């Protein structure tokens with residue numbers, strides 16, 4: 001598993017700030033499972049989810065960049081979680097999938113013109129001889145604005161199906177699995193974005209216009225109505 005501990009271009013676990021974040025989050029944790037759980041919550045709630053952070057600049061996907069910004073969408077948060085995990089000595093990799101019934105505001109869905117979210121980011125920890133899948137995207141404060149339960153992780157079971165109501169009924173549907181990756185496949189993601197959201201890539205040579213907005217404010221406004 002050494003290659004799933006090594007730093008990469010995007011999972012730059014050798015960055016001093018990434019290492020310090022991992023060290024602070026893991027204070028008192030002794031096992032890999034304890035560390036993974038601590039890191040999951042540190043990234044889930046310490047880094048604000050913002051789908052409008054999506055970018056066509058590859059440097060925006062380096063873990064150190066996401067940590068400095070303290071916000072990111074699901075892909076960026078998954079990359080950061082993989083990086084702090086490797087920094088803590090816990091083997092980690094990335095996985096991506098297309099999903100429907102994602103946490104989304106009406107305004108964002110209108111801009112996307114679809115309910116399909118392409119390249120949803122997942123982190124996988126190698127714990128007790130098995131890969132465990134987690135999605136650290138939706139921070140607690142955002143879930144509270146939507147009035148939904150946050151995803152929890154116990155270090156034993158996968159945590160990928162987001163409960164959309166307080167009775168715990170699961171609504172997120174995974175419709176395509178891209179499989180695991182040891183580093184972030186930036187070019188593959190951009191190719192998939194162009195395929196599924198061509199309206200964000202109007203013509204060659206023109207500036208691409210990715211969706212914009214303030215997601216938590218939108219969530220709070222929609223919940224209020």
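The values are calculated or read from the model by the stated rules, or taken from the named source; none is laboratory data. Model, not experiment: these values are computed from the prediction. As a convention, Cβ positions derive from the backbone with ideal geometry for all residues, glycine included, and neighbour counts pool all protein chains shown.
Working only within the stretch 28-50, note down all residues that are assigned to a loop (DSSP other than H, G, I, E, B), in contact with a strand residue (DSSP E or B) (Cβ under 7 Å, 6 or more places away or on another chain) and either surrounded by fewer than 20 Cβ atoms within 10 Å (Cβ to Cβ) or modelled with pLDDT of 95 or more (or both).
47
So which of 70, 113 ends up being within 25 Å of residue 176 (Cα to Cα) and surrounded by fewer than 20 Cβ atoms within 10 Å (Cβ to Cβ)?
Values: 70 fails: within 25 Å of residue 176 (Cα to Cα).
Exactly one residue qualifies, and that residue is 113.
Check off (1) closer than 19 Å to residue 154 by Cα; (2) in contact with a helix residue (DSSP H, G or I) (Cβ under 9 Å, 6 or more places away or on another chain) for residue 63 and give me the number that stays unchecked.
Answer for residue 63: the failing condition is (1).
Working only within the stretch 1-18, note down all residues that are buried (at least 17 other Cβ atoms within 10 Å of the Cβ), assigned to a helix (DSSP H, G or I) and modelled with pLDDT of 95 or more.
Of everything in the stretch 1-18, just one residue is buried (at least 17 other Cβ atoms within 10 Å of the Cβ), assigned to a helix (DSSP H, G or I) and modelled with pLDDT of 95 or more, namely 18.
Can you name the condition, by its number, that residue 77 falls short on among (1) at pLDDT 95 or above; (2) farther than 18 Å from residue 183 by Cβ?
For residue 77, the exception is condition (2).
How about the stretch 51-67: which of its residues are surrounded by 19 or more Cβ atoms within 10 Å (Cβ to Cβ), in contact (Cβ under 8 Å) with a residue 60 or more places away in the chain and assigned to a helix (DSSP H, G or I)?
51, 61
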